[in-house]
1. Take LEU45 and tell me if it is touching a Leu at 6+ places or on another chain (Cβ under 7 Å), of a type in the set (A, V, I, L, M, F, W, C), crowded, with 18+ Cβ neighbours inside 10 Å and farther than 26 Å from ARG258 by Cβ.
2. Could you tell me whether region 233-244 includes any residue that is of a type in the set (Val, Ile, Thr), in the same structural domain as VAL163 (by TED's automatic domain parsing) and outside any loop (DSSP other than H, G, I, E, B)?
3. Working only within region 69-97, note down all residues that are over 15 Å from LEU265 (Cβ atoms), touching a Leu at 6+ places or on another chain (Cβ under 7 Å) and touching a residue at least 60 places away in the same chain (Cβ under 8 Å).
4. Consider VAL127 carefully, then state whether it is within 17 Å of the chain's Cα centre (by Cα) and more than 30 Å from TRP343 (Cα to Cα).
5. Residues of region 345-357 being at pLDDT 95 or above, of a type outside the set (Val, Ile, Thr) and under 18 Å from ALA400 (Cβ atoms), which ones?
6. Which residue out of ILE302, ILE237 is among the β-branched types (Val, Ile, Thr) and closer than 30 Å to VAL381 by Cβ?
7. Under the condition of being in a helix (DSSP H, G or I) and among the basic types (Lys, Arg), which residue from region 247-276 is nearest to TRP230 (Cα to Cα)?
8. Here is a list: ARG370, ARG363, ARG409, ARG353. Which entry is within 20 Å of GLU315 (Cβ to Cβ), basic (Lys, Arg) and under 24 Å from the mean Cα position of the chain (by Cα)?
Amino acid sequence: MSDLPLRSQLAVALGRTAAKMSRLAGKGDGSVIGGRIGLRLDPELLTRLAKDRKLVLVSATNGKTTTTRLITSAMTPLGEVATNAFGANMPTGHVSALASQRGARYGVLECDEKYVPMVLAETGANVVALMNLSRDQMDRAAEIWLLAGKWRRALEASPQSHVIANCDDPLVTWGASTAKSVTWVAAGQHWREDSWCCPECGGPLDRQDTEENSDWRCRQCHFSRPRPDWVLRGEEIVAPDGRAFSLNTVRLPGRANRSNAAIALAVVAQFGVPPEQALPLLSEVTSVAGRYTTVESQGRAIRLLLSKNPAGWLEAFDVLAPAPGPVALSINAQGPDGRDTSWLWDVDFRILRGRPVWVAGERRIDLAARLEAAEVPFTLVDDIDQAVMAVPPGNIDVIANYTAFQDIRTRYGRVV
């Protein structure tokens, strides 16, 4: 790594000190405050820290934290990898991640969708992984077509960056199509309510799905699904050379994590790590910042699932224990969650019929109204402990959005 100017060295040192104090005070891992102080002292610190590294930016509405962890694990044969493992996915978190691992030649950075253009311009990342786009916190992040348009302009201005993109998502495809070089991954798209119209001309998209293939194209213009280089088929991934690899060893549950693994394999292949070497490393990831972790309390096994938007809830339902397994739901609407809870009406909660359901969180009345409309019986509780203790000793799944999840995770121990 090249030497930093004295001002940058001071910014790094003070940022580390602030982060350590934040951890000691129990205020989190300190990534945000450390990076904020560093950037205040040296506004060009991210660019300086990124210099001479091989960087991957990972962005999506859902799955970016998990995919970042998978990529980082699979890249370990190459040496030390700097990463923002706990999801601080804005420039402050990126600065903290790179500053804390100055000797790492490689970096894998989760990046908030809104910040992709800024971070790409400042780091010149070698690889950009783009997975999915759906409505999420529109009071903060804006309309997803606008985000995809910003991706297009940023990638056009960054010809040195190679893109790994999910060609099953039309909006991601459109956002990535201005890149000079792209590896297309057919990673699946399970939530389609945000992509029925062509982002190029506004016309309707026609879809064809079979067990062996998925395709889409615009009825009114040239825009269509690119031919994929990597193809996810059920529980196996087909590489560009035609070899198929089983994903049964991936220990994170559900079809969404098979999609995340497919993207991860395509990314690390760009750095020379073949699937047969990467897959055992993917299997080492069993929990991501508390997601999918099972914690024990009072004789109950509590599995924690994070869902922040309609697409994420669809994937959480996919990994629930078979009915009639109990489930507790917790919803907040703080700043990190988005203040508007109207998105609850886009989630099909009917799948929860036949299960014991408990409802908690600051906005539990909003969620209760939605469940009542879906004719899902439920019990309203003041906090998650009441739900857990109402279940006989055994298993319970807990689905929560961001701040509610963090509250629950803290209550039962901040598992990684």
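The values are calculated or read from the model by the stated rules, or taken from the named source; none is laboratory data. Remember, it's a predicted structure, so these values are computed and weren't measured experimentally. Every residue, glycine as well, gets a Cβ built from its backbone with ideal geometry; the counts of neighbours run over all protein chains shown. Each accessible area value is taken on the protein alone, full model and side chains, heavy atoms only, with ligands, DNA and RNA left out. Shrake-Rupley method; radii C 1.70, N 1.55, O 1.52, S 1.80 Å.
1. It is true that LEU45 is touching a Leu at 6+ places or on another chain (Cβ under 7 Å), of a type in the set (A, V, I, L, M, F, W, C), crowded, with 18+ Cβ neighbours inside 10 Å and farther than 26 Å from ARG258 by Cβ.
2. Looking through region 233-244, at least one residue is of a type in the set (Val, Ile, Thr), in the same structural domain as VAL163 (by TED's automatic domain parsing) and outside any loop (DSSP other than H, G, I, E, B).
3. Correct list: THR92, VAL95, ALA97.
4. Yes.
5. Answer for region 345-357, where residues must be at pLDDT 95 or above, of a type outside the set (Val, Ile, Thr) and under 18 Å from ALA400 (Cβ atoms): PHE349, LEU352, ARG355, PRO356.
6. Working: ILE237 fails: closer than 30 Å to VAL381 by Cβ.
Only one candidate qualifies: ILE302.
7. So, considering only residues that are in a helix (DSSP H, G or I) and among the basic types (Lys, Arg), the one nearest to TRP230 (Cα to Cα) is ARG258.
8. ARG409
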